[in-house]
1. What are the pairs with Cβ atoms under 6 angstrom where one residue, in segment A:400-412, is polar (S, T, N, Q) and the other, located anywhere, is part of a loop (DSSP other than H, G, I, E, B) and buried (at least 24 other Cβ atoms within 10 Å of the Cβ)? Sequence gap at least six, or different chains.
2. Which residues, taken from segment A:292-304, are more than 17 Å from A:G400 (Cα to Cα) and surrounded by fewer than 22 Cβ atoms within 10 Å (Cβ to Cβ)?
3. State all residues of segment B:52-99 that are closer than 23 Å to B:D372 by Cβ, more than 14 Å from chain A (Cβ to nearest Cβ) and of a type in the set (V, I, T); if no residue qualifies, say none.
4. When you scan segment A:247-339 for helices (runs of 4 or more DSSP H) that lie fully inside it, which ones turn up with 3 or more residues that are among the aromatic types (F, W, Y) and assigned by TED's automatic domain parsing to the domain that holds A:E189?
5. Answer with yes or no whether A:Y59 is crowded, with 20+ Cβ neighbours inside 10 Å and over 22 Å from the mean Cα position of the chain (by Cα).
6. I'm trying to understand the selection: among the residues of segment B:283-300, which are surrounded by 20 or more Cβ atoms within 10 Å (Cβ to Cβ) and either away from the ligand (no atom under 16 Å from the Cβ) or not β-branched (V, I, T) (or both)?
7. Would you check if there is a residue in segment A:297-308 being within 19 Å of A:F395 (Cβ to Cβ), more than 10 Å from every other protein chain (Cβ to nearest Cβ) and touching a residue at least 12 places away in the same chain (Cβ under 8 Å)?
8. Taking the conditions exactly as written (of a type outside the set (A, V, I, L, M), surrounded by 18 or more Cβ atoms within 10 Å (Cβ to Cβ) and within 16 Å of the ligand (Cβ to nearest atom)), does B:Y250 satisfy them or not?
Amino acid sequence: MTSIVTTAANYLIIIIFAVYTYLGFHVFKKKTEEERRHIYRIQALSVFAISFLAYTVLYLHTESLELLLYYGAQTMFFLAVLIAFPMIYKNCSRLLLNHLCMLMSVGFFMIARLDLERSVRQFLIAVAGVLISIFVPVMINKAKFLKKWTAFYGLFGFALLAAVFLLGSVTGGSKINVTVHGITLAPSEFVKILFVFFIAGMLHKNTSFRRVAVTTLCAAAHVLILVLSRDLGGALILFVVYMSMLYAATKKFSYVGAGLFCFSGAAVAAFYLFSHVRIRVLTWTTDFDVLKNDSSQVSQSLFAIGTGSWFGSGFCQGLPETIPVAVSDFIFAAICEEFGIVFAICLILVCFSCFLMFVNSSLQIKDNFYKLVSFGLSVSFIFQVFLTIGGDSKFIPLTGVTLPLVSYGGSSVLSSVIVFAIIQGLYIMKRSEGEVHE
Amino acid sequence: MNKMKKEVKDNPKKQPRNNREILILTYFFLAIFVAFIGYLIYFQAAHGEDMANSPYNRRRQNQLAQKVVRGQIMDADGEVLAKTEIDDEGNEVRVYPYGNLFSHVVGYSMNGGSGLEAGYNIRLLKSHASIFDRVQNLLSGTKNIGDNMVTTLDRRLQEAAYYGLGDSRGAVVVMNPKTGAVLAMVSKPDYDPNEIGELWDYYTSEDSQGDSSLLNRATQGLYPPGSVFKVMTALAYLRENDDKYEDYLYECTGSINIDGEVINCYHNEKHGTVDMKHAFAESCNSAFVDIGYHVDKQTLIRLCKSFYFNSKFKLPLAFSKSSLAISRATTTYQIMQTVIGQGETLVTPMHMAMMISTIANDGKMMQPYFVDHIENDAGTTIKTYKPKQMDLLLTTRETEIMKEFMTAVVQEGTATSLRNSGYTVAGKTGSAEYGTKKGSSHSWFICFSPVEDPQIAISVIVEGAGEGSAYAVPVAKNILDAYYYD
Ligand SMILES: [Zn+2]
C-alpha cells in the first residue's frame, strides 16, 4: 500500500509541479484579469495538492501524529496567506504570492523529511516573517523617509557584519552566525537588504565620479569584512549586486569592466590565500570520472542527483540524509534525488519566474530609488539561487549559500520573505497609482 | 521576458531608456540559467549513471536492490553468465553457471563487488520491465525484474584462453581490434564466484595474500613489458627516421656497451649483422639498445604518453595505470634498460592488448568495452553501446611497417611455432625478468590475426614461466585455433 501511494504521489507531484510552472509563464499570455485570476487559483490549488501528497507519503513512512498536526498548521497558514493577503492588498502580485507559498512549501516538506523539528522551527519563523511583511507594503507606500536613511543602512549593515566578524562562531570554516540569548542569527542575510537600500540611496540621484568612488569604497568595506569572516558566498553576492546596481544607475559599462578586473585579481588572491577556496576550485575542475571515486561533499551531491535521475527515487525513497548539510546548502541535491531532475528544472524555472517578476517591478517603477532597490533585490535573489544550485551540481565551485525560501535557516527564510514583501509593496504602490498591470 | 519587451515597446515614453541596462543584465541571467539547465540535462545524460554507480554510492545501490531483482549477465550468444535465483523462502542467490571460467571479468556482486557486476551494478538494478508488469508488481508487492546485460564476451575464446593458460599464473585479454570489444579475459589463479561468500575470509586473509586470487591480473596486474616494449621503441625510431629506417644496420656481438654499461642479448646470442626488421623479429637486445639510444628521449616519452602510459583511460573494471619511468634526468643505463622493456616500466595485459590493437587497427585506438547492449526481461533492447575511438595515434605507414616487422616475428623470428597454422599472425614475444634472481621471467606474447584484415588481438602473459617466451605463444595459438577452427 505504502509503495503504491509513494510511487503514484511521486509522479503526481512532478506533473502538478510541471503544470504549475507552465502556468506561471503561460499567464502572461492572458489578456483579461478574469482569465489570469483563474490561472492563479489553479496555481494556489497546486500548492495545496502537492503539500497534501507530500505529507501523505511522509505520514505513511513515519506514522507520526505530530506530522499531521504540522500539516494542518501549514495548510491553515497557506490558506491565510493566499486568501488574506490579497484581501488586505488588492493590488498585490498573485503570481509572486503563489511562488512564495510554493517555494516555502517545498522547503517545509523536504526539511520535514530530513528533520521534522527543524522544519517546524523554519515554519514558525516563516509565519513570523509573513506577519511582519504585512506591514512592509504600508511602510513602502507611506514612509517617505526610507530614501533618506542612506547613512543608516550603510553603517548599520556594516556594523552587523563587523559584529559577526568579531563575535561570530565558526561553522564549516567561515563565520556566518552570531548567537544572542540562545538565538542564532545569520546577520548577512539581512545585510543584503540593507546593502541594496544603501546603494540605492547613494546612487539614485547623483552618479558623479566622486559619489561613485565613495559608494564603491563603502561597498568594498562590506565585501572585505565578509571575506575576512570567510563568508565568500555572501561576499560574492554583495559584489555582484553592487556591480549590477552600479551599472543600472550609472549606465557605464566601464565601471563594470573595472569591477570585473578587480574581481579577477581578488579571485586569484583568494585562491592562493584560502585553502578552502583552493580545495573547492580544484574539486570543481576535477573530472566526473575522478570525482566518482571520491567521497567529497560535491561527489556525495552528484551521487544523489545521478541516482535520482530524471524522475527521482520518490519522496522518502532516497538517501538524502547522506548528503552533507542536506537541509541547507545541499537541499537542491536532496530535491533532485527524491523528485528528480524534471522537478528540479521546474523549481529553477519558478525561481527564475520570481526573478522576472522582481525585475518587472523594477522596470515599471519611475522613481529611481525604488527602481534600484527592486533591481538590487532581484539580482541578490537570483544570484544566490544560481550559487547554490550551481555549486551543488558542480556547474561552478561550491560557495555554500542557501536556496532562498527552500533551504533551512531562520535568517535566510525571514529575509527572503521580507524581500518578497518589499517587491509586493512596490507592485501595490504602482498599481494603486493605476499605472501598472502585471 | 516577452511581456517585458512588449511593455517597453508599447510604452516608449513611460519606459525611458533608463531600463536598457536592467534588461541587458536580465538577459545575462537568463543566458546563465539556460546554460545551467542545459548542463544539468547533460550531466544526467552523460554522467548520471556513472556517478550513481560509484563504489562510494553503495548505500543507494543497495536500496535499489530491495526493489529490483538483479538482472542477468550474458555472453554474446545470450548464454547466462550470472543470474539471480530466488529459493522457496524468497532468498535471492546470485548464481554463476560457469563457475571459475569467468570469475574475474564477470566478478561478484557481494562484498563490495568486482568485475562487471560492480562496474554495471546500477544498470543491473534498474528495471525497464513493461509498464503493465511494473504496475502489476506494484499492486502485488513483488519486485520488478532488473534489466539484463549482454556482454561482448565469447565463451569459446574464453574457454580457449582459460584452458590454454592451464595451471599457470598469468592473464589473457582478447579484443576485437576494430571495435575495442573485449572477447575474452582470463586471470589466474582464479576463484569460484559461487563460493565467494564462504571463501571471502580466506581470500582476504594473510595466508592467501601470496595467491591474490581475487586480483584481476588482466587489468590490475603490473608487469615489466620485456621485449614487447620494443614495439614502442621501434615506433619512436620510425617517427624520427621515417625514410632511413631501412638503412639501419647493426653488428650484434651478443652484448652492447655504452659508457661502460653493458646489456646482453638473450643467452648472449650473437645475432650478427641485423637490420631493423631482423633485430625486431629476433628480439636482439643489443640492436634495440642502440636504436633506443639514438631516439630522442622526448620522442619516446611523448609517444608513450599518447599511448596512455602514466594515465588513466575509461574502463568499467578496476585497473592499474601503466607506468613509464623515464624523464630528462634518467641515466644512460636506465634508458638502455627501458628501451628493451626492462627497468622500471610496468604495464598491464589489458594495456598491451590496446597497444597491439591500435597497430592492427591502422593506428586508431579504440575504447575497450565489455557490454554490447542492455535489454529488459522480455528481451527488448534498452540501450546499445557503440564502439568509440579514443585516439588516432599512428600513421598508416607506421602501422604498415610494424605489421611487416611483426609478421617477421612469426615467419622467421621468435614465434615461428605459429608459422604454419593455416592463418596469418603478426605479433611480438617478450620475456621480462623480474626480481633479482636470474632466470625468473614472465613470458609475454601479443599478436593479431589475420594480418591482412585483423579481427582478433591477443595479449598473453604467463608469470614466472622460467626461461624464454615459449610459454605465452601456445596460449595464443590455442585461442587462435579456437577462433578459426571451432
Ligand atoms: Zn643481439
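1. Every condition considered, the pairs that remain are A:T402/A:G409; A:S412/A:T402.
2. Of segment A:292-304, the ones more than 17 Å from A:G400 (Cα to Cα) are A:292-295, A:303-304.
If the condition is that a residue be more than 17 Å from A:G400 (Cα to Cα) and surrounded by fewer than 22 Cβ atoms within 10 Å (Cβ to Cβ), then A:K292, A:N293, A:D294, A:S295 are the ones that fit.
3. Matches in segment B:52-99: B:V69, B:I73, B:V80, B:T84, B:V95.
4. Working: elements: A:253-273, A:275-285, A:288-291, A:297-308.
Passing ranges, in order: A:253-273.
5. Working: crowded, with 20+ Cβ neighbours inside 10 Å: no; over 22 Å from the mean Cα position of the chain (by Cα): yes.
Answer is no for this residue.
6. Looking only at segment B:283-300, we keep the residues that are surrounded by 20 or more Cβ atoms within 10 Å (Cβ to Cβ), and these are B:283-292, B:295, B:300.
B:S283, B:C284, B:N285, B:S286, B:A287, B:F288, B:D290, B:G292, B:V295, B:L300 - these are the residues of segment B:283-300 that are surrounded by 20 or more Cβ atoms within 10 Å (Cβ to Cβ) and either away from the ligand (no atom under 16 Å from the Cβ) or not β-branched (V, I, T) (or both).
7. Applying the first criterion (within 19 Å of A:F395 (Cβ to Cβ)) to segment A:297-308 yields A:297-308.
Add one more test, that the residue is more than 10 Å from every other protein chain (Cβ to nearest Cβ), and what stays is A:297-298.
When the remaining residues are screened for being touching a residue at least 12 places away in the same chain (Cβ under 8 Å), the result is A:297-298.
The answer is yes; a qualifying residue exists.
8. Working: of a type outside the set (A, V, I, L, M): yes; surrounded by 18 or more Cβ atoms within 10 Å (Cβ to Cβ): yes; within 16 Å of the ligand (Cβ to nearest atom): yes.
Here the answer is yes, as B:Y250 does meet what is asked.
The values are calculated or read from the model by the stated rules, or taken from the named source; none is laboratory data. Remember, it's a predicted structure, so these values are computed and weren't measured experimentally. Neighbour counts run over all protein chains shown; Cβ positions are idealised from the backbone, glycine included.
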